[in-house]
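Below: the structure, in structure tokens.
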Amino acid sequence: MAVTQLADYLLGDRSERKPVPVIVRLTSWNTDQNLLDWLAGELADRSLVPNRAVAKELLEPCSILPILPILPILDGLDEMDAPGAPVSESRAPEAMKRINKDYQRTIGKPPLAVVCRRNGLGP
């Protein structure tokens, strides 16, 4: 799976100051929810961090915590909809709008990757 290979590569090439890649599945995201709030919840729910507050600190590029930031790899943009759903009803374009909107609000633009497996998403 390419996304796993990407994460493995980033971990293998990681120096002391580079962020830690974490694969997060987009299929569970309600795009009405703020991206960073959702990501913090995902990290806490998976017990990758003690709680949402710590997750939010790790996701902020200007974190005051003496630990490394996280590089979210948002996987499954093409899997946000049920199989056979019409392209006109796809959640992917709205997800990308929301990702861009929430990302632009952050200070210092934290690292972020969005991946999918097929071409031709959205209108």
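Which order do you get for Glu94, Glu42 if you rank them by accessible area with a 1.4 Å probe, largest at the top?
Working: Glu94 90, Glu42 40 Å².
Final ranking, largest accessible area leading: Glu94, Glu42.
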How big is the accessible area of Glu79 in square angstrom, nearest 10, if you roll a 1.4 angstrom probe over the protein chains?
70 Å²
Once phi is turned into ³J(HN,Hα) by the Karplus curve 6.51 cos²θ - 1.76 cosθ + 1.60 with θ = phi - 60°, what whole-Hz value does each residue of region 81-92 show in order, with x for glycine and proline?
10, 5, x, x, 5, x, 4, 5, 10, 5, 7, 4
Please list, ordered by chain and number, the residues whose modelled amide H lies under 5 Å from the amide H of Ile23; skip anything fewer than 5 residues away on the same chain.
Ile73
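Computed FRET efficiency, Cβ-Cβ of Leu11 and Ala113, R0 22 Å: what is it to the nearest 0.05? Please list the in-between numbers first.
Details: r = 13 Å, r/R0 = 0.61.
Rounded to the nearest 0.05, the efficiency is 0.95.
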With R₀ set to 25 angstrom, the calculated FRET efficiency between the beta-carbons of Glu89 and Ala2, to the nearest 0.05, is 0.40
In the neighborhood of Asp75, defined by Cβ-to-Cβ distances under 10 Å, what is the net charge if each Lys or Arg adds +1 and each Asp or Glu adds -1?
0
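The values are calculated or read from the model by the stated rules, or taken from the named source; none is laboratory data. Keep in mind that what you see is a predicted model, and the values were worked out from it rather than measured. Because the Cβ atoms are built from the backbone with ideal geometry, glycine has one as well, and the counts that use them run over all protein chains shown. These area figures cover heavy atoms from the full protein model, side chains too; ligands, DNA and RNA do not enter into them. Shrake-Rupley method; radii C 1.70, N 1.55, O 1.52, S 1.80 Å.
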